[in-house]
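The structure appears below as structure tokens.
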Amino acid sequence: MAKILMKGNEAIAEAALRAGATNYFCYPITPQTEVAEYLAKRMPDYGGVFLQAESEVAVGNMLFGAASTGKRVFTSSSSPGISLMQEALSYMAGAHLPCVIINIMRGGPGLGGILPAQSDYFQATKGGGHGDYRILVLAPSNLQEAVDLTMLAFHLADKYRNPAMIIGDGMIGQMMEPVEFPEKYVEEELPVKTWAATGASGRKPLIIKSLFLDPNALEHNNILLKEKYDQMAKEEVRFELYKTGPKNRILLVSYGTMARICQTAIDALEAEGISVGLFRPISVYPFPHSQLREEISRPNVESVLTIEMSMGQMLEDVERAVAERKPLAFFGRTGGIVPSPEEVIEQIRKLLDAQPAPRKAKKA
Amino acid sequence: MQDINTTFARPEGLTDVVTHYCPGCTHGVIHRLVAEVLVELGLRERTVGVAPVGCSVLAYNYFNTDFLESPHGRAPALATGFKRLRPDMIVFTYQGDGDLASIGMAEIVHAANRGEKFTTIFVNNAIYGMTGGQMAPTTLPGQVTATCPFGRDTALTGMPIRMVELLSSLATPAYLERVAVHSPAHIVRAKKAIKTAFTCQKEERCFSLIEVLSTCPTNWGITPGEATQWLDANLKAFFPLGVYKRPEGMQ
Ligand SMILES: Cc1ncc(C[n+]2csc(CCOP(=O)(O)OP(=O)(O)O)c2C)c(N)n1
Ligand code: SF4
């Protein structure tokens with residue numbers, strides 16, 4: 001299929017429809033409202049459900065009810081709205097229900113601002129609501145990837161019967177790029193949704209719940225959840241290596257929009273003969289810990305530089321992977337400030353200046 | 001199986017489980033009425049209930065229908081999500097007064113205003129039962145509860161909220177009625193109301209809500225017998241019974 005020039009929010013909305021997700025609940029919030037506006041126009045063609053709710057609290061809980069039918073359901077929102085959905089996400093995780101949440105993050109805390117930020121990494125990857133649960137989180141760094149990952153998110157949500165989230169920011173949501181949609185969305189076959197509420201006809205009543213008053217039953221549910229997260233860690237880790245190799249003395253770690261800016265910086269330095277590599281997590285939960293550790297452990301990597309549009313959130317996951325094997329530095333801008341490639345280059349130069357060029361290993 | 005001599009049996013709409021409700025609590029009566037209506041209207045096998053957070057949180061164990069267990073107050077949002085995707089199914093929420101009139105006020109008002117075609121059974125016992133008898137938005141003026149030990153002071157906490165009256169002020173069509181279940185005559189009337197509500201849904205007419213005045217002898221701190229009298233004398237006086245709204249073209 002030919003490429004079409006689309007705005008990020010609209011491309012994500014179209015991707016969801018193509019993945020068979022024709023049931024959408026929303027509440028307006030900048031910088032992602034185009035998702036809703038696009039779907040309001042397109043949904044009638046699909047005969048699906050488009051509903052603007054009274055709040056994000058209601059949106060989350062409508063997803064809960066809607067997901068119980070077994071059909072694909074989703075929402076899109078931005079940071080403050082995602083906070084209000086945490087109640088429902090916790091219940092849905094506890095009840096093993098799939099859904100997809102598109103989070104086009106903006107700066108916080110509080111009402112914060114409307115410009116791009118990555119300050120909800122903790123909220124997305126560490127649970128977000130109450131209880132011992134996780135959601136699967138994918139972080140695209142360009143629009144084609146946003147399209148592909150959105151489709152994949154629906155598959156993974158169903159595969160694991162767990163909420164899955166796409167985290168982007170205003171840059172991903174608002175910019176325009178050519179994207180390509182598959183003629184037909186092909187995915188691995190999934191089991192029949194025997195867990196969906198369809199009416200107790202010819203079978204015992206089915207109950208979808210997260211309440212387990214017996215502590216043994218509740219612990220058991222937590223063990224079931226943990227097993228899913230362990231399986232995700234084995235099967236769903238995704239990352240990209242950019243210009244890593246035997247020569248780069250510095251390894252950048254960055255995701256989403258920020259990673260893309262790092263790539264520009266890396267290309268500019270390469271033209272000067274300075275080699276820098278990038279490790280870009282695509283799944284931020286599960287986080288590619290062991291893969292990152294492997295890259296960090298290469299003898300040519302002298303130090304690691306994590307760059308985020310936050311005060312340092314993914315940094316904690318990187319710290320776990322580095323585990324003091326190599327010096328780890330951090331650079332972050334936040335509040336809606338997107339670092340320029342020049343700022344990134346400056347940080348890299350600082351690091352290079354601080355560490356003497358490696359001497360050639362003596363021949364034994 | 002009912003034999004020829006059986007005059008009273010468990011309706012098919014209820015499971016063979018002993019409920020956890022206190023002696024003299026009318027939650028059980030209300031469950032039974034809903035279950036009977038679902039079977040009589042031939043709806044049981046395509047019904048999904050939404051249980052609240054409150055004493056009836058375990059309602060899903062007692063009904064012989066599929067069930068979802070909602071967060072506190074959000075049952076109307078779950079019901080909306082489900083019913084929008086499966087308009088062919090029958091959906092009802094079962095909610096207490098803390099659940100519906102306090103934490104879930106936004107969800108019920110907006111669901112009613114959108115005219116969501118599900119049915120709400122709203123159990124008003126003027127108190128938070130499950131958490132041990134705290135003040136509810138429906139607690140009567142002067143009524144003593146664990147969090148208003150000197151009686152509800154309306155100067156500080158406002159007046160009790162009359163939910164069917166409030167919802168009947170919305171312009172969207174609905175079926176709204178308030179009933180009680182503290183005497184056989186009231187129970188008969190309540191069942192009729194519940195049947196009308198589910199009929200509205202079956203005929204895809206409108207949102208329907210039946211407010212049921214219910215007893216909580218445990219947290220009112222009186223005997224079951226006294227509870228029925230207290231309900232009749234006090235609750236019913238503040239919350240008048242009757243039909244508050246019906247869709248056009250429906251008797
Ligand atoms: C978010 C949240 N807040 C508070 C609670 C605690 N809680 C459980 S039941 C309940 C009150 C229920 O009262 P009501 O709706 O009147 O039902 P009843 O028990 O009287 O039938 C509360 C406050 C909770 N489970 N979740
Ligand atoms: S506490 Fe009150 S409402 Fe709850 S079961 Fe007992 S009597 Fe019924």
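Counting residues that are within 11 Å of chain B (Cβ to nearest Cβ) and surrounded by 24 or more Cβ atoms within 10 Å (Cβ to Cβ), which helices (runs of 4 or more DSSP H) fully inside the stretch A:1-85 reach at least 1? It would help to see each step written out before you state the result.
Details: elements: A:8-18, A:33-46, A:56-67.
Fully inside the stretch A:1-85 and qualifying: A:56-67.
B:Gly98 passes every criterion in (1) buried (at least 24 other Cβ atoms within 10 Å of the Cβ); (2) in a helix (DSSP H, G or I); (3) more than 16 Å from ligand 2 (Cβ to nearest atom) apart from (3). Condition check for B:Thr47 on (1) more than 13 Å from the chain's Cα centre (by Cα); (2) closer than 28 Å to B:Ile222 by Cβ; (3) among the polar types (S, T, N, Q): one failure, at (2). Selection within the stretch B:176-193: residues that are under 13 Å from B:Glu36 (Cα atoms) and of a type in the set (Lys, Arg). The member of this set that is surrounded by the fewest Cβ atoms within 10 Å (Cβ to Cβ) is B:Lys192.
In the stretch B:223-251, what residues are surrounded by fewer than 16 Cβ atoms within 10 Å (Cβ to Cβ), of a type in the set (D, E, K, R) and closer than 18 Å to B:Arg178 by Cα? The answer is B:Asp232, and nothing else. Within the stretch B:37-46, identify whether any single residue is among the hydrophobic types (A, V, I, L, M, F, W, C) and surrounded by fewer than 19 Cβ atoms within 10 Å (Cβ to Cβ), and answer yes or no. Checked the stretch B:37-46: at least one residue is among the hydrophobic types (A, V, I, L, M, F, W, C) and surrounded by fewer than 19 Cβ atoms within 10 Å (Cβ to Cβ). Output yes when any residue across the stretch A:311-331 is aliphatic (A, V, I, L, M), in a loop (DSSP other than H, G, I, E, B) and under 16 Å from A:Cys262 (Cβ atoms), and no when none is. No, the stretch A:311-331 contains no residue that is aliphatic (A, V, I, L, M), in a loop (DSSP other than H, G, I, E, B) and under 16 Å from A:Cys262 (Cβ atoms). Pairs meeting the criteria (first residue in the stretch B:115-143 and on the phi < 0 side of the Ramachandran plot and within 14 Å of another protein chain (Cβ to nearest Cβ), second residue part of a strand (DSSP E or B) and within 14 Å of ligand 2 (Cβ to nearest atom), beta carbons under 7 Å, at least 6 apart or on different chains) are B:Thr120/B:Gln95. Within the stretch B:209-219, being within 11 Å of ligand 2 (Cβ to nearest atom) and farther than 8 Å from B:Gly133 by Cβ holds for B:Ser214, B:Thr215, B:Pro217. Answer yes if at least one residue in the stretch A:186-208 is modelled with pLDDT of 95 or more, over 24 Å from A:Gly70 (Cβ atoms) and within 14 Å of chain B (Cβ to nearest Cβ), and no otherwise. Scanning the stretch A:186-208, I find no residue that is modelled with pLDDT of 95 or more, over 24 Å from A:Gly70 (Cβ atoms) and within 14 Å of chain B (Cβ to nearest Cβ), so the answer is no.
What do you reckon, is B:Thr196 within 16 Å of ligand 2 (Cβ to nearest atom) and either surrounded by fewer than 23 Cβ atoms within 10 Å (Cβ to Cβ) or not in a strand (DSSP E or B) (or both)? Even if it seems obvious, please write down each step before you answer.
Values: within 16 Å of ligand 2 (Cβ to nearest atom): no; either surrounded by fewer than 23 Cβ atoms within 10 Å (Cβ to Cβ) or not in a strand (DSSP E or B) (or both): yes.
Here the answer is no, as B:Thr196 does not meet what is asked.
Counting only residues that are within 16 Å of ligand 2 (Cβ to nearest atom) and surrounded by fewer than 21 Cβ atoms within 10 Å (Cβ to Cβ), the stretch B:102-134 holds 6 of them. Filtering the stretch A:134-189 to residues that are among the acidic types (Asp, Glu) and part of a strand (DSSP E or B) leaves A:Asp169, A:Glu177.
The values are calculated or read from the model by the stated rules, or taken from the named source; none is laboratory data. All values reported here derive from a predicted model rather than from experimental measurement. Neighbour counts are summed over all protein chains in view; Cβ atoms, including those assigned to glycine, are modelled from backbone coordinates with ideal geometry.
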